[in-house]
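The values are calculated or read from the model by the stated rules, or taken from the named source; none is laboratory data. As the structure is a prediction and not an experimental result, all values here were calculated from the model. With ideal geometry, Cβ positions are generated from the backbone for all residues, glycine too; neighbour counts draw on all protein chains shown. With ligands, DNA and RNA removed, areas are computed over all heavy atoms of the protein, side chains included. Shrake-Rupley method; radii C 1.70, N 1.55, O 1.52, S 1.80 Å.
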Amino acid sequence: MEQRNQSRVSQFILLGLSEVGELQPLLFWLFFSMYLITFSGNLLIILAIVMDSHLHTPMYFFLSNLSFVDICFTSTTVPKMLLNIQTQSKVITYEGCLSQMYFFMLFGGLDNFLLTVMAYDRFVAICHPLYYMVIMNPKFCGILLLACWLLSVMDSLLHDLMVFQLSFCTQLEIPHFFCELKQMIQLACSDTFLNNLAIYLASGLLGVLPLIGILFSYSRIVASILKISSSGGQYKAFSTCGSHLSVVSLFYGTGFGVYLSSTALRNSRASAIASVMYTVVTPMLNPFIYGLRNRDLKQALRKLFS
């Protein structure tokens, strides 16, 4: 097929996870169930924190924002995929694709920054407990949350505007279930050097640096916990950050796993299947991790149901 440049296109084709017709009903009900669990689980976390005055602390303030972001993060991709399966259509408009890509990067970046801020919150709580309420005051927490939003908005807006400047060929099939940035760039006929450079720079500054901050915070946390003489005090300190550490491991582990597998296998469809882990599975498991490992949150959930 002859490929010609177009400054603007009207639509893209999302190939999804599988083109086998017999698997489409299974995929629909599987992802519909996972989306319902993600939405309801994170919503319960938010309601429990809002309704229980004992949970109006910096840690639960950031946790409620993380749950809200997880709902939005999953909602940018799964509903469109479910709609395409139900209507047996793989089409997404050019504007819809850019919008989906923008919000996916926005809420994905917010997940990344909020996990970093929560690690800093645990660092202050365990390593500097006497100054915790002074440092993590409501004004400072608001500034941290605002910084997370500003960084995420600027990063996702930059990539979206740079993709907007690209011209695309007649081959407009995306081997994914959503409009992913790298897949969009690979379809472009114009020069994509600046786009790829922006991806690597943003990944280093806004991806690796927060991870280094998280690892540094937890190295100091572990060192402080080991200095506690009583085993009961050590257990209590570990329990306060165990849930967050589990979520961090799941988020970054699946994210890096998808990145490494995609570069090693060079298989876009395999990468799409692997990306389900951090786009759908991780947001779904977060409420279970926090709900099962956090005694205060479990009590708040019991009060909410009662």
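Applying the set (1) out of contact with any Gly (no Cβ under 8 Å at 6 or more places or on another chain); (2) open to solvent by 20 Å² or more (accessible area, probe 1.4 Å); (3) closer than 26 Å to residue 68 by Cα to residue 178 leaves exactly one unmet item: (2). Being open to solvent by less than 30 Å² (accessible area, probe 1.4 Å), closer than 18 Å to residue 77 by Cβ and among the β-branched types (Val, Ile, Thr) holds for only one residue in 163, 117, and it is 163. When residues in segment 163-178 are screened for being at pLDDT below 90, under 23 Å from the mean Cα position of the chain (by Cα) and not in a loop (DSSP other than H, G, I, E, B), 1 of them pass.
Taking the criterion of being of a type in the set (Phe, Trp, Tyr) and modelled with pLDDT under 80, no residue of segment 1-22 qualifies. Considering segment 179-218 alone, what residues qualify as being charged (D, E, K, R) and not in a loop (DSSP other than H, G, I, E, B)? Residue satisfying the conditions is 182 alone.
Just one residue in the set 152, 99 is among the small types (Gly, Ala, Ser) and touching a residue at least 40 places away in the same chain (Cβ under 8 Å); that residue is 152.
If you go through segment 89-106 and pick out every residue that is more than 16 Å from residue 175 (Cα to Cα) and open to solvent by 20 Å² or more (accessible area, probe 1.4 Å), you end up with 7. Considering (1) open to solvent by less than 70 Å² (accessible area, probe 1.4 Å); (2) over 30 Å from residue 13 (Cβ atoms), the lone condition that residue 134 does not fulfil carries the number (1). Here segment 46-58 is the region considered, the condition is being part of a helix (DSSP H, G or I) and either more than 21 Å from the chain's Cα centre (by Cα) or small (Gly, Ala, Ser) (or both), and the residue that is surrounded by the fewest Cβ atoms within 10 Å (Cβ to Cβ) is 53.
Conditions tested, residue by residue: (1) among the acidic types (Asp, Glu); (2) assigned to a helix (DSSP H, G or I); (3) open to solvent by 50 Å² or more (accessible area, probe 1.4 Å); (4) modelled with pLDDT of 95 or more.
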residue: 24; (1), (2), (3), (4): no, yes, no, no
residue: 33; (1), (2), (3), (4): no, yes, yes, yes
residue: 36; (1), (2), (3), (4): no, yes, yes, yes
residue: 44; (1), (2), (3), (4): no, yes, yes, no
residue: 60; (1), (2), (3), (4): no, yes, no, no
residue: 63; (1), (2), (3), (4): no, yes, no, no
residue: 69; (1), (2), (3), (4): no, yes, no, yes
residue: 74; (1), (2), (3), (4): no, yes, no, yes
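Among the residues of segment 84-109, write down those that are closer than 13 Å to residue 15 by Cα and in a helix (DSSP H, G or I). If the condition is that a residue be closer than 13 Å to residue 15 by Cα and in a helix (DSSP H, G or I), then 84, 85 are the ones that fit.
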